[in-house]
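Asks: First the structure, then my questions, so here it is.
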Amino acid sequence: MTESIRIHFLGTSDGTPMLEQNCSANVFEFNGSCWMIDAGDGAESALQRQGICAADLEALLVTHWHCDHYYGAPAVLSRMRNKCAYLPVPESFGDKFSAALSVFHDVNFEARPLQFHRLVPGMELNLSHVSVKTYENAHMSPALSPELRTQFYSLSLECRTPGGKRILFSGDLGGHAYEVNFWKLLEEPADLLVLEGAHLLPLHKLLEKLHGKPIRNLIFTHIWRRGVCPEKLIAEFTAGLNIPVYAATDGDYAEFHDEKMSLHPRNELATSMRPESYFSLAERSRRFQAEGIPLRWKCIGPFPNLQRNGEYIGLNLDPENRLLADANKDCSGTYTSADGQKIGWLEMTAEELFPDGMLPMTHYFPGSDVVNYAVTDLEIARDGNYTVLWSCDAGCRMLLDGKEILFFPRKQDAVKDARSFPLPLTRGTRRLIVIQDTRKGGYGIFFRIVPDINGRK
């Protein structure tokens, strides 16, 4: 069986965020599907730099409840389409965490509430077709009372792919005086051991424990770089174990090719991103085209978003609406805005779009409780099934060649790729009209269309 396996190291510091290293965060990518292991400080921006869309993560799994492993969790979860979190905390604590997220991210979590699962030793999960089993380790033992240790676990992970690869994530371990359970996992052959080394000094004792174990590859992360030289560490353990040994830094990714594994820097990853604000207009246009983001729009607004019986009616369609007829033709009419001004259609190109592809409607049409219109022509190259990835704040209605393809009248945040739906299309030029209503303010519209992607939700 041919398998595509990558392990992305997004945060590799020793527990304190550093100038070029975030706190612990990893992504397991299997055949294009991804799930996350830990989300320390800076995890969301690290995902972006790696070119991994947080909305597409299948789940977030936290190995233990220390801040350097979970501080970034709220930001990541707020972006995930499937807000599935496995946390090693008591049920009551997880419920409070879910409630807190709903308060601070009310729109996203109201539409898609957090799916909290308590993570305990001995669980067997299936994440992106990878079998994951949890084992308790002794990282929490010195700090917590016996009672609390049964509520807040620290866990190591055993991951098995359908093709038989066995990959171990140690998680943070207890010191040499405490750790017992984890070393038992090394009795069986492992294709890769990802070892967090911050609490395993002195290193000569660690080398003794690993000597003779059937490990094919070893990657250190979460090491105390102020006290450990990575080059020296690699040299000593390579010589002592006679296997490939690496020390990961932020952005590195491990990749398997059949039986061989190699570690690469982020800049070798085709999807990696540099800060979007530094893209030239030509680069931005090329990237938007590759992502299926329309480059030219005609937009107009703001118009009043009135309420009737407590409900906003700005998205309602009036068959006699002159503006809607104009939108289906050449967008040449003039109208009266919400503040009584005479307005016409504004052409917006890649230069006006935000670097992440957002059509910034309220940047050009400011106002609260208003309605804006955006029109573009989609050039469909071939017949087939497509996926529309979209989001806007707050409500939205979409028409394609005059026929409704989406009606979403609820409040939401504008988060790239947060929502999607399938759309069969035939070859040719198709006129898209997007009607956006804002409620107590808003930002803009995300829209892109790509060939159908299996498994999108």
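The values are calculated or read from the model by the stated rules, or taken from the named source; none is laboratory data. As the structure is a prediction and not an experimental result, all values here were calculated from the model. FYI the Cβ positions are ideal-geometry reconstructions off the backbone, even for glycines, and counts take in every protein chain you see.
Asks: Suppose we filter segment 166-178 for residues that are surrounded by fewer than 20 Cβ atoms within 10 Å (Cβ to Cβ) and either of a type outside the set (Ser, Thr, Tyr) or outside the structural domain of Phe237 (by TED's automatic domain parsing) (or both); how many remain?
Replies: Of the residues in segment 166-178, 4 are surrounded by fewer than 20 Cβ atoms within 10 Å (Cβ to Cβ) and either of a type outside the set (Ser, Thr, Tyr) or outside the structural domain of Phe237 (by TED's automatic domain parsing) (or both).
Asks: For segment 419-451, how many residues meet the condition of being closer than 12 Å to Met358 by Cβ and buried (at least 19 other Cβ atoms within 10 Å of the Cβ)?
Replies: So the answer is 7.
Asks: Could you check segment 149-164 and list, in sequence order, the residues that are among the hydroxyl-bearing types (Ser, Thr, Tyr) and either closer than 19 Å to Glu196 by Cα or assigned to a helix (DSSP H, G or I) (or both)?
Replies: Tyr153, Ser154, Ser156
Asks: Sticking with this one: If only one of Ile219, Ile243 is among the β-branched types (Val, Ile, Thr), modelled with pLDDT of 95 or more and in a strand (DSSP E or B), which one is it?
Replies: Every option except Ile219 fails the conditions.
Asks: Would you be able to say whether some residue in segment 399-413 is within 19 Å of Ser78 (Cα to Cα), surrounded by fewer than 15 Cβ atoms within 10 Å (Cβ to Cβ), over 20 Å from the mean Cα position of the chain (by Cα) and assigned by TED's automatic domain parsing to the domain that holds Thr336?
Replies: yes
Asks: Could you check segment 166-198 and list, in sequence order, the residues that are in a loop (DSSP other than H, G, I, E, B), over 28 Å from the mean Cα position of the chain (by Cα) and farther than 26 Å from Pro146 by Cα?
Replies: Passing the criteria: Glu188, Pro189.
Asks: Of the residues Asn181, Asn137, only one is crowded, with 18+ Cβ neighbours inside 10 Å and modelled with pLDDT under 95; which?
Replies: So the residue among Asn181, Asn137 that is crowded, with 18+ Cβ neighbours inside 10 Å and modelled with pLDDT under 95 is Asn137.
Asks: Ok, one more. Only one of Leu201, Leu241, Leu192 is crowded, with 20+ Cβ neighbours inside 10 Å and not assigned by TED's automatic domain parsing to the domain that holds Cys331; which?
Replies: Leu192
Asks: Follow-up. Thr376: part of a strand (DSSP E or B), assigned by TED's automatic domain parsing to the domain that holds Phe407, under 14 Å from Leu295 (Cα atoms) and polar (S, T, N, Q), yes or no?
Replies: It is true that Thr376 is part of a strand (DSSP E or B), assigned by TED's automatic domain parsing to the domain that holds Phe407, under 14 Å from Leu295 (Cα atoms) and polar (S, T, N, Q).
Asks: Somewhere in segment 396-418, is a residue under 21 Å from Ser285 (Cβ atoms) and free of Cβ contacts under 8 Å to residues at least 60 places away in the same chain?
Replies: Checking segment 396-418: not a single residue is under 21 Å from Ser285 (Cβ atoms) and free of Cβ contacts under 8 Å to residues at least 60 places away in the same chain.
Asks: From Asp369, Asp330, grab the single residue that is among the charged types (D, E, K, R) and on the phi > 0 side of the Ramachandran plot.
Replies: Only one candidate qualifies: Asp369.
Asks: If I go through segment 371-390 residue by residue, how many of them are closer than 21 Å to Ile300 by Cβ and touching a helix residue (DSSP H, G or I) at 6+ places or on another chain (Cβ under 9 Å)?
Replies: 4
Asks: Taking Glu352, is it surrounded by fewer than 12 Cβ atoms within 10 Å (Cβ to Cβ) and among the acidic types (Asp, Glu)?
Replies: no
Asks: Of (1) part of a loop (DSSP other than H, G, I, E, B); (2) at pLDDT 85 or above, Ile405 satisfies all except one. Which?
Replies: (1)
Asks: Here's another thing I want to ask about it. If you take the residues of segment 204-217 that are surrounded by 14 or more Cβ atoms within 10 Å (Cβ to Cβ) and without any contact (Cβ under 8 Å) to a residue 40 or more places away in the chain, which of them is farthest from Leu157 (Cα to Cα)?
Replies: Here the residue is Leu207.
Asks: Also: Condition (residue is assigned to a loop (DSSP other than H, G, I, E, B) and farther than 17 Å from Val434 by Cα) applied to segment 389-399: is it met by at least one residue?
Replies: no
Asks: Counting only residues that are surrounded by fewer than 21 Cβ atoms within 10 Å (Cβ to Cβ), give me the helices (runs of 4 or more DSSP H) lying completely in segment 1-85 with at least 3 of them.
Replies: Because the criterion is at least 3 residues that are surrounded by fewer than 21 Cβ atoms within 10 Å (Cβ to Cβ), the helices (runs of 4 or more DSSP H) in segment 1-85 that meet it are 43-50.
Every residue, every condition in (1) within 21 Å of Leu269 (Cβ to Cβ); (2) β-branched (Val, Ile, Thr), yes or no:
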{"residue": "Ala46", "(1), (2)": "yes, no"}
{"residue": "Leu61", "(1), (2)": "no, no"}
{"residue": "Ser78", "(1), (2)": "no, no"}
{"residue": "Tyr86", "(1), (2)": "no, no"}
{"residue": "Val89", "(1), (2)": "no, yes"}
